[in-house]
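S.K.: This is the structure I want to talk about, given as structure tokens.
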Amino acid sequence: MSGTCVIGLQWGDEAKGKIVDLLTRDFDIVVRYQGGANAGHTVVVGGEVYKLHHIPSGVLSPGVMNVIGPGVVLNPPVALQEIDSLASRGVQLADNLRISDRLHLVFPWHIAEDKALNASPVGGESIGTTNRGIGPCYRDKYGRSHAIRLGDLYRPDFREKMERIVDFKQLLLAHLGSDELLVAGEIFDEYSGHAARMKPFVADTTNYLLDALESGKRLLFEGAQGSMLDIDHGTFPFVTSSNSSGVGVSAGSGVPARWIKKTIGVCKGYTTRVGGGPFPTELADEIGQRIRDLGHEYGTTTGRPRRCGWFDAVAVRYAARLSGVDSLAIMMLDVLSELSEVKLCVAYELDGQRIEHFPSHTDDLRRVKPVFEVLPGWQQEVRSAGRISDLPAGARRYLDRVAELIGRPVEIVSVGPGREQTIFV
Ligand code: IMP
């Protein structure tokens, strides 16, 4: 009868999928509630690697219900491909998946619009979106007149509604210099096919979740992206188009905050970022490249190399407070094992002044200089550590200092990709 949330505290790719997968056994329902095919959640089970975009990570645990809530923007062909690919590997989705009829759909014009706009810089730099049509789809949701929700596919006026939107979008795309040709009839046929295949999963998930909570079910909310990419509270405009911090859980799922009893904040022992935007602790050097290589820091969705840098306690402290975090999961600790020293950013310097708060404007964030604390590296393998006491003293000191700087206890430490490479403190 309560909800627990797993929220990323950095710029996404914190390995939240692994934590959700590990915790799932204690829950009845796993809920995705924002984002869409821009997300890429990697879960490793028995050496098998699963990359999920829309489908909640709970799908890899038998007996768990998986819900995709109204705050998600869903791309039907991508979601169906995911379902097929899981089925081909023996993971069946039938009565263990429900997709909200209220969620908004991504159409080909959203992707064309994203690609056309991605090239134009905002504030001197491109946002570097994933080109999955996420921003344009959310824009249409808020604009309302050009939006199509999943439930609309099953209504008699779907074709007429879509034709009207296609007329407008074709004009818009031509103005944006896109050569995308939208043929309403073809899109209608394609999406009608998707609608038929998705029908068994479509439900009013808002009422379903409220009923589930009232009847004592335990819910696990799986955040996508990270708190620093939150549309309202992140590094705007270099953010995604949804509330990807803890504040987005209620709006995206329809579950009021009173049901949420615990939030686990997930962060790596270092920082990564994909796409544009300021990144105070970025390492554009050999150490950054080493972290990228050791951590295989290349995007799950786009394959882009991730920008890498030291752990930024100013950003994570802000994200932990914003997301209402109770405890921390520190991921990829093994990646730092080879380094002779590790650095923690404990404050920023802005215009000669030391600051410990995260600036609200990206122009200020661009100008800050990180203030680092240097700790000796542990240079010892940690991948087989099963308990905190198995870790080298240097690694334990690092974790203690992170907890102290963020003001939250460390509950989970991940020392490798496998389920078994996890320490519960
Ligand atoms: P969009 O979400 O595709 O609009 O991209 C906006 C920004 O968020 C870009 O900088 C992306 O690289 C970033 N982004 C979106 N989804 C993810 C994710 O799942 N992990 C990391 N970065 C992401």
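S.K.: Can you give the Rg and Dmax of segment 12-69 based on its C-alpha atoms, in angstrom?
M.R.: Radius of gyration, then largest Cα-Cα span, for segment 12-69: 10.6, 30 Å.
S.K.: Could I ask something else about it? Mind checking which aspartates and glutamates have their C-alpha under 20 Å from LYS169, skipping anything on the same chain fewer than 8 residues away?
M.R.: Filter leaves GLU113, ASP114, ASP140, ASP152, ASP157, GLU160, ASP179, GLU180, GLU186, ASP189, GLU190.
S.K.: Please give the peptides 402-408, 99-105 ranked by average Cβ packing (other Cβ atoms within 10 Å per residue), highest first, as a rough proxy for protection.
M.R.: 99-105, 402-408
S.K.: I've got another one for you. So, counting K/R as plus one and D/E as minus one, what does the shell of residues with Cβ under 9 Å around GLU113 add up to?
M.R.: In short, +1.
S.K.: Looking only at Cα atoms, what is the convex hull volume of the chain per residue, in Å³?
M.R.: Taking only Cα atoms, the chain has a hull volume of 136 Å³ per residue.
S.K.: So what's Rg/Rh here for segment 274-389, counting alpha carbon atoms and using the Kirkwood radius for Rh?
M.R.: Looking at segment 274-389, the ratio lands at 0.97.
S.K.: Over the Cα atoms of segment 326-377, each weighted equally, I'd like the Debye log10 I(q)/I(0) at q = 0.13, 0.24, 0.32 Å⁻¹, rounded to two decimals.
M.R.: At q = 0.13, 0.24, 0.32 Å⁻¹ the computed log10 ratios are -0.47, -0.92, -1.14.
S.K.: Where the centroid of each part is defined by its Cα atoms, how far is segment 86-112 from segment 361-406 in Å?
M.R.: First find each Cα centre; the distance between them is then 38 Å.
S.K.: Could you work out the percent of alpha carbon pairs in segment 95-170 separated by over 20 Å, rounded to a whole number?
M.R.: Here the long-distance tail beyond 20 Å is 38 percent of all Cα pairs in segment 95-170.
S.K.: Here is a follow-up. What fraction of the DSSP beta bridges in the chain is antiparallel, stated in percent and rounded to the nearest 5?
M.R.: Antiparallel bridges make up about 40 percent of those DSSP assigns within the chain.
S.K.: Also: Of the listed pairs LYS115/LYS369; LYS141/LYS262; LYS268/LYS343; LYS18/LYS217, which have alpha-carbon separations greater than 24 Å here?
M.R.: With Cα atoms farther than 24 Å apart: LYS115/LYS369; LYS141/LYS262.
S.K.: How long are the three semi-axes of the equivalent ellipsoid for segment 321-425, computed from the Cα gyration tensor as the root of 5 times each eigenvalue, in whole Å, largest first?
M.R.: 29, 16, 11
S.K.: Going by amide H atoms built from the backbone, whose H comes under 5 Å of the H on ASP13, apart from near neighbours?
M.R.: Answer set, sorted by chain and number: GLN225.
S.K.: While we're on this one: Rg(Cα) of segment 32-108 divided by 2.2 N^0.38 Å?
M.R.: Cα Rg divided by the expected 2.2 N^0.38 Å: 1.04.
S.K.: Another question, then. Work through the residues other than GLN353 whose Cβ is under 14 Å from its Cβ and net out their charges, Lys, Arg +1 and Asp, Glu -1.
M.R.: Within the 14 Å Cβ shell, the charges total -1.
S.K.: Scan segment 112-171 for trypsin sites (Lys or Arg not before Pro) in coil per DSSP, keeping those whose Cβ has at most 16 other Cβ atoms within 10 Å, and list them by number.
M.R.: ARG144
S.K.: Determine the calculated [θ] at 222 nm for the chain from helices alone, applying -39500 (n - 2.57) to every DSSP H run no shorter than 4 residues and normalising by the residue count; nearest 500 deg cm²/dmol.
M.R.: Helix-only estimate at 222 nm: -9000 deg cm²/dmol.
S.K.: Provide, for q = 0.14, 0.19, 0.20, 0.34 Å⁻¹, the log10 of I(q)/I(0) from a solvent-free Debye sum over equal Cα point scatterers in segment 271-311.
M.R.: One equal scatterer on each Cα of segment 271-311 leads to -0.26, -0.47, -0.52, -1.25.
S.K.: Please enumerate, by chain and number, the aspartates and glutamates with C-alpha under 15 Å from the C-alpha of LYS51, excluding those fewer than 8 residues away in the same chain.
M.R.: ASP13, GLU14, ASP21, GLU82, ASP84, GLU222, GLU297
S.K.: Computed over the Cα atoms, what is the radius of gyration of segment 148-299 divided by 2.2 N^0.38 Å, N being its residue count?
M.R.: Ratio of Cα Rg to 2.2 N^0.38 Å: 1.42.
S.K.: If you don't mind, another one. Check ASN66: other-chain or 5+ apart residues with amide H under 5 Å from its amide H, H built from backbone geometry?
M.R.: So ASN66 has HN proximity to VAL30, LEU97, ARG98.
S.K.: For segment 210-233 and segment 51-82, compute the distance between their C-alpha centroids and round to whole Å.
M.R.: If we compute the Cα centre of each part, the gap is 14 Å.
S.K.: Could I ask something else about it? Calculate one ³J(HN,Hα) per residue across segment 404-409 by plugging θ = phi - 60° into the Karplus curve 6.51 cos²θ - 1.76 cosθ + 1.60, and present them in order as whole Hz with x for glycine and proline.
M.R.: 5, 5, 7, x, 9, x
S.K.: Now for a different question. List every residue whose amide H lies under 5 Å from the amide H of GLY299, counting only residues 5 or more places away in sequence or on a different chain, with H placed 1.01 Å from N in the peptide plane.
M.R.: Residues meeting the criterion, in which the H sits 1.01 Å from N, are ARG304, ARG306.
S.K.: Counting other Cβ atoms within 10 Å, keep those with at most 10, restrict to DSSP loop, and tell me which trypsin sites (Lys or Arg not before Pro) in segment 362-411 are left.
M.R.: ARG387
S.K.: With θ taken as phi - 60° and the coefficients 6.51, -1.76 and 1.60, list the Karplus ³J(HN,Hα) couplings across segment 163-168 in order, rounded to whole Hz; mark glycine and proline as x.
M.R.: Working through the residues one at a time gives 4, 4, 5, 4, 4, 5 Hz.
S.K.: On average, how much accessible surface per residue is there in segment 88-170, in Å², for a 1.4 Å probe, leaving out ligands, DNA and RNA?
M.R.: The answer is 49 Å² per residue.
S.K.: When a/c is below 1.5 the answer is rounded, else prolate if a/b is larger than b/c, else oblate, so apply that to segment 96-222 with a ≥ b ≥ c taken from the square roots of the Cα gyration tensor eigenvalues.
M.R.: In terms of gyration-tensor shape, oblate.
S.K.: Next up: List, in order, the whole-Hz ³J(HN,Hα) value for each residue of segment 25-39 obtained from phi through the Karplus relation with A = 6.51, B = -1.76, C = 1.60 and θ = phi - 60°; use x for Gly and Pro.
M.R.: Per-residue couplings from phi come out as 4, 8, 10, 9, 9, 10, 10, 9, 9, 8, x, x, 6, 6, 7 Hz.
S.K.: Counting only other residues whose beta carbon sits under 15 Å from that of ARG25, what net charge do I get with K and R as +1, D and E as -1?
M.R.: Residues close to ARG25 contribute a combined charge of -1.
S.K.: So, in Å, what gap is there between the alpha-carbon centers of segment 277-301 and segment 139-162?
M.R.: Going from one Cα centre to the other spans 40 Å.
The values are calculated or read from the model by the stated rules, or taken from the named source; none is laboratory data. Remember, it's a predicted structure, so these values are computed and weren't measured experimentally. Counting neighbours? That spans all protein chains shown, and the Cβs are built from the backbone with ideal geometry, glycine included. The accessibility values were calculated without ligands, DNA or RNA, using every heavy atom of the protein model including side chains. Shrake-Rupley method; radii C 1.70, N 1.55, O 1.52, S 1.80 Å.
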